[in-house]
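These notes concern the structure reproduced below.
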Amino acid sequence: VPFESKVIEGHPADDILKFAAENKVNLIVMGSIGARGLARFLLGSVTEKVVRNSKVPVLVVHGE
């Protein structure tokens, strides 16, 4: 499957969504460490913000 990866500095969730919109991305693939409960509430979750706000499908791969 052909793919392209990019490294961009900035505010992660906002920049991922902006990049996807500007480049007509078909799918966003992101990793998640699986933080739950209070840890996710305190630290925030870039993956969760992207999933909730993306206009294209987001594939989340859970780490161990």
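The values are calculated or read from the model by the stated rules, or taken from the named source; none is laboratory data. Source: prediction; values computed, not measured. Cβ placement follows ideal geometry from the backbone for every residue including glycine, while neighbour counts extend to all protein chains displayed.
Selection of first residues in the range 5-22 that are touching a residue at least 12 places away in the same chain (Cβ under 8 Å) and under 17 Å from Pro57 (Cβ atoms) and of second residues that are among the charged types (D, E, K, R) and surrounded by 10 or more Cβ atoms within 10 Å (Cβ to Cβ), restricted to Cβ pairs under 6 Å at least 6 apart or on distinct chains, gives the following pairs, ordered by first then second residue: Ala13/Lys49.
Filtering the range 24-47 to residues that are surrounded by 10 or more Cβ atoms within 10 Å (Cβ to Cβ), modelled with pLDDT of 85 or more and either of a type outside the set (S, T, N, Q) or in a loop (DSSP other than H, G, I, E, B) (or both) leaves Val25, Leu27, Ile28, Val29, Met30, Val46.
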